[in-house]
Structures are given as C-alpha cells and as structure tokens.
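Participant: Here it is, the structure in full.
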Amino acid sequence: MPQSQTQQQQQQAIIPTPPQVITTKDCLYLKDQLSWELIAMKKCRHFANECSDPEIKQAIDQAGQMHERHYQLLLKHLQNNNTAEMQKMHQMQQ
C-alpha cells in the first residue's frame, strides 16, 4: 500500500456514535457484517463443543462470546427508526 494511502487512513477520524440515518449502502454493509458475526459465533460454538482440550475449548468459547457481543452491539445501533430519521432529513433539506 502506498504511503499516502496509509497516512490518509490513519488521519481519518473515528465516529464516536453511529449516524442517525442509515443509507442503503450502510444497510447492506451492516447486513453482511451481522451475517459474518453470526456465522463466526456459530462456528466457535460448534468447534468448542468438538474440542477435547479444555484450554483450547475456553479460548474458542471466548472468541465466540466476542462475536456475539459484536453482533449484539450492531443490533443495538440499528434499533432506531430509520424511516422517521430519513423524513426529518428530507424536511431539513427543503
């Protein structure tokens, strides 16, 4: 990766709270991310149950719990009335 791209990525600010309005593109990205987190969580649960070594089982379990927390956090951020927020944005623009 060229150095200018790396510097640009490092300079981008982190958004502390999610936006009030979710675009179609955002929604598709979040849907994919939710699917990935759910799959990872299920795989961890499956492989932890298959594992006989207690230390490895615990590590896999912890990874599964992390994916579950990420999944729940994404759901929490999505629990707003996007339609109402979109209408507010259109009213403000007019």
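Rule-based calculations on the coordinates, nothing more; no lab input. Quantities reported herein were computed from a predicted structural model and do not represent experimental measurements. Reconstructed Cβ throughout: ideal geometry from the backbone, glycine too, with neighbour counts over all protein chains shown.
Participant: Going by the alpha-carbon gyration tensor, a ≥ b ≥ c the square roots of its eigenvalues, is region 30-78 rounded (a/c under 1.5) or, if a/c is not under 1.5, prolate (a/b greater than b/c) versus oblate?
Facilitator: Verdict is prolate for region 30-78.
Participant: Given the options Met41, Leu75, Gln65, identify the residue whose Cα lies farthest towards the positive end of the charge dipole of region 30-78 (+1 on Cβ of Lys, Arg; -1 on Cβ of Asp, Glu).
Facilitator: Leu75
Participant: Here's something else I'd like to know. Quick one: Karplus J couplings for region 47-60, per residue in order, coefficients 6.51, -1.76, 1.60, θ = phi - 60°, nearest Hz, x for Gly and Pro?
Facilitator: Running phi through 6.51 cos²θ - 1.76 cosθ + 1.60 with θ = phi - 60° gives 6, 5, 5, 7, 7, 9, 7, x, 5, 5, 4, 5, 5, 5 Hz.
Participant: Which peptide among 20-32, 39-51 comes first, and what is the full order, when sorted by highest mean count of other Cβ atoms within 10 Å?
Facilitator: 39-51, 20-32
Participant: Return the lysines within reach of Lys42: Cα separation strictly under 22 angstrom, same-chain partners fewer than 8 residues apart disregarded; answer none if there are no such residues.
Facilitator: Straight-line reach from Lys42, under 22 Å: Lys31, Lys57, Lys76.
Participant: State to the nearest 20 debye the size of the charge dipole of region 30-78 about its Cα centre, where the only charges are +1 on K and R beta carbons and -1 on D and E beta carbons.
Facilitator: Dipole of region 30-78, to the nearest 20 debye: 240 debye.
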